[in-house]
Amino acid sequence: MNMKKSGILSAIAAAALGLAAPAAQAAWTLNMSPGITAISRRVYELHMLMYWWCVAIAIFVFGWMIYSLVRFRKSQGAVPDTKLVHNTKAEIIWTVLPVLILIIMAVPAARTLIETEDATNTELTIRVTGYQWKWGYEYVGSGVTVLSTLDRASNAARQLGSGLDPNQVPNYLLNVDHPLVVPAGVKVRLLVTAQDVIHSWWVPALAIKKDAIPGFLSEAWFKIDAGMTGLFRGQCAELCGRDHGFMPIVIDVRSKADFAAWLQTQKALQQPAEPTAAAAAAAAAASAAAAAVPAHTS
């Protein structure tokens, strides 16, 4: 019995220490973010609409329950009501009213859902590929690719026995070495897939969460407000393996001009250099000399 008690006390002490330990994570919030796109704000408004409907329904239902329990309690001489049971009028009301509420909520939800799937007239296409445990971004048609992994500071601090304090690392586990650079004010199309296992590309500020499935392409799009530049963060939202918690997403939103300059720089860095005139001439002379040598026959 003493061993059982000591085990229970140890478990309670461990739980208390875990709760008291400093948290190395993003700040907790109590609501969704309106985001940085028109669609994300519409999703936020839809969320708030549903929330207030649920609050109103809860107040009505629980209020009626509490009133009934107090008003018609047995100590006050109340007797069971037999008129409400199998009452046609009451059954019609509590059937029709929920249907109307569902229709009122379904119409804006369906309209928003249809709009989120409309990836037509996009100006930039990016192929997003999930790996264990990093993200690859290919700017389709430009020859530019970016591999985005957990930044070195977070990677060092997460190691057992590193001696580093995660609380001293800026944006611990939410920062990367190479972010996804996108332009503001441009409709961007995403083609999301994976190389090995199922991942999920989730950025709350864009109201986008798309599964990355090997062998399949999931489509999404966003158009960030023109003046909304800066860094925005997300994470893989699928249990993709033991290092699932270490593949964050960072979006670097730039103006159109800054993005165009960045893309040109990346093209110059990633594409093979053009051969110089002297090198081309030397290669042509070597080819001509090789062609002039007679072939030996046995």
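The values are calculated or read from the model by the stated rules, or taken from the named source; none is laboratory data. In this text the structure is predicted, and so the values were computed from the model without any measurement. Backbone-built Cβ (ideal geometry, glycine too); neighbour counts: all protein chains shown. Surface accessibility is based on the protein's heavy atoms, side chains included, excluding ligands, DNA and RNA. Shrake-Rupley method; radii C 1.70, N 1.55, O 1.52, S 1.80 Å.
Quick notes on this one:
- Residues of the range 95-130 that are among the β-branched types (Val, Ile, Thr), in a helix (DSSP H, G or I) and open to solvent by 60 Å² or more (accessible area, probe 1.4 Å): Thr95, Val96, Val99, Ile103, Ile104, Val107, Ile114.
- Filtered residues of the range 145-163 (kept if closer than 15 Å to Trp133 by Cα, touching a residue at least 60 places away in the same chain (Cβ under 8 Å) and not hydrophobic (A, V, I, L, M, F, W, C)): Ser148, Thr149, Ser154, Asn155, Arg158
- Residue match in the range 101-113 (condition: among the polar types (S, T, N, Q) and under 30 Å from Cys240 (Cα atoms)): yes
- Looking across Leu173, Leu180, one residue alone is in contact with a Leu (Cβ under 8 Å, 6 or more places away or on another chain) and either farther than 16 Å from Pro248 by Cβ or surrounded by 19 or more Cβ atoms within 10 Å (Cβ to Cβ) (or both). It is Leu173.
- Positions within the range 60-90 being closer than 22 Å to Ile101 by Cβ and in a loop (DSSP other than H, G, I, E, B), in sequence order: Leu84, Asn87
A quick yes/no check of all residues on (1) out of contact with any strand residue (DSSP E or B) (no Cβ under 7 Å at 6 or more places or on another chain); (2) farther than 16 Å from Cys236 by Cβ; (3) in a loop (DSSP other than H, G, I, E, B):
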{"position": "Ala153", "(1), (2), (3)": "yes, yes, no"}
{"position": "Ser162", "(1), (2), (3)": "yes, yes, yes"}
{"position": "Leu173", "(1), (2), (3)": "no, no, yes"}
{"position": "Val182", "(1), (2), (3)": "no, yes, no"}
